[in-house]
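Just so it is clear, none of the values below were taken in a lab; they were calculated from the coordinates. It should be emphasised that the depicted structure is a prediction, and the values quoted were computed from it without experimental measurement. When we count neighbours, we look across all protein chains shown, and the Cβ atoms used for this are built from the backbone with ideal geometry, even at glycine.
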Protein chains: 4
Amino acid sequence: MNPTSLAGKRILLTQAQDFMGPTLVPLLTEMGATVITDDRVLTDPGLPAELVRSAGHVDVLIAHLGVPAATSTAQEGTEEEWRIAFAAMVDPLPRLARAVLPQMIARRAGKILLMGSASALRGMKRASIYSAARGAQLAWAQAVGVEMAPHNVQVNAIAQNLVDNPTYFPAEVQAHPKFKERIKWEMPLGRLVSAQEDAHFAAYLCSEAANCFVGQVFPVCGGWVPR
Amino acid sequence: MNPTSLAGKRILLTQAQDFMGPTLVPLLTEMGATVITDDRVLTDPGLPAELVRSAGHVDVLIAHLGVPAATSTAQEGTEEEWRIAFAAMVDPLPRLARAVLPQMIARRAGKILLMGSASALRGMKRASIYSAARGAQLAWAQAVGVEMAPHNVQVNAIAQNLVDNPTYFPAEVQAHPKFKERIKWEMPLGRLVSAQEDAHFAAYLCSEAANCFVGQVFPVCGGWVPR
Amino acid sequence: MNPTSLAGKRILLTQAQDFMGPTLVPLLTEMGATVITDDRVLTDPGLPAELVRSAGHVDVLIAHLGVPAATSTAQEGTEEEWRIAFAAMVDPLPRLARAVLPQMIARRAGKILLMGSASALRGMKRASIYSAARGAQLAWAQAVGVEMAPHNVQVNAIAQNLVDNPTYFPAEVQAHPKFKERIKWEMPLGRLVSAQEDAHFAAYLCSEAANCFVGQVFPVCGGWVPR
Amino acid sequence: MNPTSLAGKRILLTQAQDFMGPTLVPLLTEMGATVITDDRVLTDPGLPAELVRSAGHVDVLIAHLGVPAATSTAQEGTEEEWRIAFAAMVDPLPRLARAVLPQMIARRAGKILLMGSASALRGMKRASIYSAARGAQLAWAQAVGVEMAPHNVQVNAIAQNLVDNPTYFPAEVQAHPKFKERIKWEMPLGRLVSAQEDAHFAAYLCSEAANCFVGQVFPVCGGWVPR
């Protein structure tokens, strides 16, 4: 069988209406996966376990957690902004892991793909809250990836930025002249990464072909970070 | 004047009895700095502001936040372990920044040096909680570093590991045969980094000579991570 | 059409009998590509141009250049070992680029995929000659990748290590107890990356799905380097 | 004794009139070192050994090799440009190592500091020749650094860019409006790194305080690369 196929895979996708969800669901489905979706932001501590329980058999968990980035400066950011970012993007990770890893370890097969952000790899102004949360995610995926490797469970992360998606780059942002100048200067690719391109790469990382990657972070940002 | 000198600098050091504190305090003092210390773990949300207020003029804040690492696996780690790690090592950062940055921005001079961990740069087993917290720290320092650069305020981080210190490598750990084998295999340096070496590098990054570094992460781990 | 397909692509592969060649050729062919192969080490300065000329239309050039690594120490390595490594692995790159880029720029479509080495990303003993040559390759791919991006030509690199292949890991190396201990300590994956896994990833990077990657280096080494 | 001092150190500096030389010589001297200089580009294969022989006891070799960067595109660069860059910046490295390492290994003490370039860490247009040569340098330093560590000989590299120096950023380049816009967009620091700042950091890496760094690459580029 083609190891890049997702035929027969049961993929659990969180926050399926946001961020990359609207592109991921049809693509993964088209590639043969059964995509089990949930649309809630996972701030409630009980949700991750509930989600996994009701999903049943999960071959791949796509940890897809994103909320609009606070744009406060470091001296102005509030406790509330910090709490929201971590509650939605960071705290659910260990809960998801506790819920889903036992079945994967028992089967000696499974994957977690974190849809993370390159903002953790390169500093940006007015993004310290968001970047900190994203940094926790990537370091977590690296550590759990190394830990789970002997169980034949692969945990990896995409670190994306400047990918066309309605959560972070709505039309009004893209239309702004300053944004166009930013693309020109900061992005070797010269255009946003398309949602399709990002989703195809995610699909690859969900497949058996990617069994060799463990605890690895893959930038998907058109050259915004070099590696 | 020698730009590597710390003469006349007022340096605020948190958790001064732990981790690198016992080495940093005498060295920074010997190099001419006035070191203002506090010994508490900064879990209480009000402490950072109180600390900075009572310190008065702060030229350099050394954000030195560390608690013993939980060693649970990803499937076993508890909410409590997660909460402790983030409450002690991550949540204080924005509070410290809100408290100390305004005076630095006003003077157009100042530095924050984060004593972070290389565990955020390379995955380790049974370290996902700790690594996640350390990852939030490094990404935060990168972002705030880029944001503060135009104010002539430099925010950087040391990402250390395998540095001889009583918090993370007490004598009984170092004496263990498995630890010696780990050093042999994982650490090109072939020995722990000494606390003095780490502290000297930190002192350099606190000095005017380091004004050119912004939002940068410096591994200090004897080659455990290559860059 | 499925953007991960290679149907109709003309792929030029150098040193097709060595290294990853025996796995790449059948896989790329099976995925629909016409693979044009050459078996020579490209030391002769005139070969790259000749190769491209006789290949005609080239959609993707796989710059697949490898010779067995010298294992001399830095104080013992010879001029001859250095010259051989650079003549075979480094000097052909700009010649290949001069030969193949004009047609890609003219068509505003094309790719170069460098099959590079992670030895350029992490130091190893007795590998300075080899690593230096591999470092030249990766930096070259990053630079040409940024330069070619506006032409819609994508240049990227795989940085592999510990991938099962007869050039670098023949059976007698794999059977050695020291090698097994090395895998255990240095490689989170716990086994060599299979040639198939590496080749599938290379195939992905040759496809239209990978148009968003420019000047990027992808480690394929089972976690031997974290990113 | 202060481990950051260079008192009594004999430092051999190559190409001492170029690049960072005019700043390094007086600073290292002021810090107590005896600086042995040579002004030639080391293209001649016999020069490195001759240099080391006539220098006698060398505590630290600063491998400081730089020639103006070719600015050809990848499709236009010539054999001659490639040959000049590698002959001046890359090929001398193993010759210097063969000449200077034996005395360091014998004494179980010594350092090589490579003054390298961040152009090997991030792609730039019209810089593929130069970047490739610089990439060979950095990968070489990483490998030799790991190899020499057990001998208590430290080999490390600075990867600089956008440091004020007459070889790469003469006044006419700095005055150009496009250059100013580049600084604004690409460099979080918002100004060139001063030659003094770079030289102070190099001096630190030449001192005993830096004995804990092996095979490490330190970006000095005002945030142009994040790590």
Checklist outcome for this item: If we ask which residues in the stretch B:5-49 are in a loop (DSSP other than H, G, I, E, B) and among the aliphatic types (A, V, I, L, M), their number turns out to be 8
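Going by the structure shown, is B:G66 away from chain A (no Cβ under 12 Å), of a type outside the set (V, I, T) and more than 18 Å from B:Q15 (Cβ to Cβ)?
no
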Next on the checklist: Being at the interface with chain C (Cβ under 10 Å from one of its Cβ atoms), assigned to a helix (DSSP H, G or I), under 30 Å from C:Q103 (Cα atoms) and of a type outside the set (V, I, T): is that true of D:R98 here?
Outcome noted: no
Checklist entry - Looking at (1) outside any helix (DSSP H, G or I); (2) in contact with a strand residue (DSSP E or B) (Cβ under 6 Å, 6 or more places away or on another chain), which is the only condition D:K125 fails? => result (2)
Checklist entry - Can you name the residue in the stretch C:15-36 that is of a type in the set (S, T, Y) and more than 14 Å from the chain's Cα centre (by Cα) and is also nearest to C:T167 (Cα to Cα) among such residues? => result C:T29
Checklist entry - Just one of C:V35, C:V58, C:V67, C:V52 is farther than 19 Å from C:V155 by Cα and among the hydrophobic types (A, V, I, L, M, F, W, C); which is it? => result C:V67
Item to check | Tabulated pairs, the stretch C:173-185, first closer than 19 Å to B:K178 by Cα, second surrounded by 12 or more Cβ atoms within 10 Å (Cβ to Cβ) and among the small types (G, A, S), C-beta under 8 angstrom, 6+ apart or interchain | outcome: C:I183/C:G190; C:K184/C:G190
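If you scan the stretch B:65-81, which residues turn out to be within 19 Å of the chain's Cα centre (by Cα) and buried (at least 23 other Cβ atoms within 10 Å of the Cβ)? Lay out the reasoning, then the answer.
Just the residues of the stretch B:65-81 that are within 19 Å of the chain's Cα centre (by Cα), to begin with: B:65-70.
Answer for the stretch B:65-81, where residues must be within 19 Å of the chain's Cα centre (by Cα) and buried (at least 23 other Cβ atoms within 10 Å of the Cβ): B:L65, B:G66.
This table checks each residue for (1) touching a strand residue (DSSP E or B) at 6+ places or on another chain (Cβ under 6 Å); (2) more than 24 Å from A:V35 (Cα to Cα).
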residue	(1), (2)
A:I158	yes, no
A:V163	yes, no
A:V173	no, yes
A:R182	no, yes
A:E197	no, no
A:A210	no, no
A:G215	no, no
Checklist entry - Does the stretch A:204-214 contain any residue that is over 25 Å from C:Q160 (Cα atoms), buried (at least 23 other Cβ atoms within 10 Å of the Cβ) and over 14 Å from the mean Cα position of the chain (by Cα)? => result no
Item to check | Selection count where residues are surrounded by 15 or more Cβ atoms within 10 Å (Cβ to Cβ) and either over 22 Å from C:E186 (Cβ atoms) or polar (S, T, N, Q) (or both), scope the stretch B:167-184 | outcome: 2
Item to check | B:D59, sole failed condition from (1) surrounded by 14 or more Cβ atoms within 10 Å (Cβ to Cβ); (2) at positive phi | outcome: (2)
Next on the checklist: With the requirement that a residue be touching a helix residue (DSSP H, G or I) at 6+ places or on another chain (Cβ under 7 Å), aliphatic (A, V, I, L, M) and touching a residue at least 24 places away in the same chain (Cβ under 8 Å), what does the stretch C:116-136 give you?
Outcome noted: C:A120, C:A127, C:I129, C:A132, C:A133, C:A136
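With A:A143, A:A106, A:A139 as the choices, which residue is buried (at least 24 other Cβ atoms within 10 Å of the Cβ), closer than 19 Å to C:L189 by Cα, within 14 Å of chain B (Cβ to nearest Cβ) and free of Cβ contacts under 8 Å to residues at least 24 places away in the same chain?
Working: A:A143 fails: free of Cβ contacts under 8 Å to residues at least 24 places away in the same chain; A:A106 fails: buried (at least 24 other Cβ atoms within 10 Å of the Cβ).
One residue alone meets the criteria, A:A139.
I'd like the residue in the stretch D:215-227 that is within 15 Å of the chain's Cα centre (by Cα), part of a loop (DSSP other than H, G, I, E, B) and facing another protein chain (nearest Cβ under 7 Å) and, out of all such residues, is surrounded by the most Cβ atoms within 10 Å (Cβ to Cβ).
First, pick out the residues of the stretch D:215-227 that are within 15 Å of the chain's Cα centre (by Cα): D:215-221.
Filter again for part of a loop (DSSP other than H, G, I, E, B), leaving D:215-216, D:221.
Within this subset, residues satisfying the condition of being facing another protein chain (nearest Cβ under 7 Å) are D:215-216.
Values: D:G215: 26, D:Q216: 29.
Among them, the one singled out is D:Q216.
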Checklist outcome for this item: Subset of the stretch A:109-136, residues surrounded by fewer than 24 Cβ atoms within 10 Å (Cβ to Cβ) and more than 7 Å from every other protein chain (Cβ to nearest Cβ), comes to A:A109, A:G110
Next on the checklist: Quick check on the stretch A:181-198. Is at least one of its residues at the interface with another protein chain (Cβ under 7 Å from one of its Cβ atoms), within 17 Å of A:L24 (Cα to Cα) and in contact with a helix residue (DSSP H, G or I) (Cβ under 8 Å, 6 or more places away or on another chain)?
Outcome noted: yes
